Amino acid sequence: MNRMRNASDISRRHILQLAGTAALCGGLPIMTVRPAQSTPAMLASAIRDLVGEATVKVGKVKLEIPPLVENGNTVPMTVSVESPMTAEDHVKSIHVFNEKNPQPNIGNFHLGPRAGRAKVATRIRLADSQKVTAIAQLSDGSFWSGSVDVIVTLAACTEEVP
Amino acid sequence: MASALVNVPSKARRGTVIEIRTLMSHIMEPGYRRTAAGDLVPRDIITSFSCRFNGEEIFRADLFPAIAANPFLSFFTVATESGKFEFEWIGDNGFVANASAAIAVEA
């Protein structure tokens, strides 16, 4: 009897552990609570920290990420902004955000008229299928944004260290 | 040890837009992962990258844990004169790495 109860305890613990691992990896659709995940509200507040009360217009910013990503640990990303890049009219900075990683920020890139072309490429991590947004600040103080939806099969950021 | 790879054209015509590509070997541990024992692995990332040309900053990036390991960055600049690009990566735990590349600009 005793041994039987032990066995069931172990298996239950096992199942809980498995569920916990699954939750950490963010891989299974059954889990509803993720401990380390930013929310759309955190995204909104990160964007508000950047733009303040200014309105963000949609357009000018082109964000290129493959729509279907196999491995979220290294996702190629290119962001470009339509701009003549002159002293009077240029992109001051580009800020990239995400909805569902543990942190809403991905990177901030500061450029100037000397860049010649407002285009930056890097490789990012995505913890889940989500929307990625880039916001550009132009020299006239206006903000423009572009977004792209990405589907990720293998999540990054919160997986177990081998 | 940290090792950097920078790709800058060795020469360019004055006024052309050139691409600069950099790669820095770094684990970029995001600080959200746990070991099998459940311990949080502390964050260890590069937080800042900058590129100067003849002493003047032409590009700067703030990096977050969402940047993939061995951060790769590509950006553009106008070839104005011959000179030297200097690159600097700064990160957690006192990480600092530098690299440089020269360019010859023809009229």
Small (Gly, Ala, Ser), open to solvent by less than 50 Å² (accessible area, probe 1.4 Å) and within 9 Å of another protein chain (Cβ to nearest Cβ): is that true of B:Gly55 in this structure? no
Strands (runs of 3 or more DSSP E) wholly inside region B:36-95 containing at least 3 residues that are among the hydrophobic types (A, V, I, L, M, F, W, C) and over 24 Å from A:Pro84 (Cα atoms): B:83-91
Over region A:99-122, the set of residues of a type in the set (Gly, Ala, Ser) and either in contact (Cβ under 8 Å) with a residue 24 or more places away in the chain or part of a loop (DSSP other than H, G, I, E, B) (or both) is A:Gly112, A:Ala115, A:Gly116, A:Ala118, A:Ala121
Looking at B:Ala61, is it closer than 23 Å to A:Ser93 by Cβ, crowded, with 18+ Cβ neighbours inside 10 Å and more than 15 Å from the chain's Cα centre (by Cα)? no
Scan region A:124-162 for residues that are closer than 30 Å to A:Thr86 by Cβ, open to solvent by 10 Å² or more (accessible area, probe 1.4 Å) and within 13 Å of another protein chain (Cβ to nearest Cβ) and jot them down. A:Thr133
Listed residues B:Glu81, B:Glu86; which is touching a Lys or Arg at 6+ places or on another chain (Cβ under 7 Å), farther than 23 Å from A:Thr78 by Cβ and in contact (Cβ under 8 Å) with a residue 24 or more places away in the chain? B:Glu86
Take region B:1-35 and flag every residue that is within 11 Å of chain A (Cβ to nearest Cβ), in contact (Cβ under 8 Å) with a residue 60 or more places away in the chain, surrounded by 17 or more Cβ atoms within 10 Å (Cβ to Cβ) and not in a strand (DSSP E or B). none
Does region B:73-84 include one or more residues that are open to solvent by less than 40 Å² (accessible area, probe 1.4 Å), more than 17 Å from A:Cys157 (Cα to Cα) and more than 9 Å from chain A (Cβ to nearest Cβ)? yes
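The values are calculated or read from the model by the stated rules, or taken from the named source; none is laboratory data. Keep in mind it's a predicted model, so treat the numbers as computed, not measured. Every residue, glycine among them, receives a Cβ derived from its backbone with ideal geometry; neighbour counts consider all protein chains shown. Ligands, DNA and RNA are stripped out before the accessible areas are found, and what is left, the full protein with its side chains, is counted by its heavy atoms. Shrake-Rupley method; radii C 1.70, N 1.55, O 1.52, S 1.80 Å.
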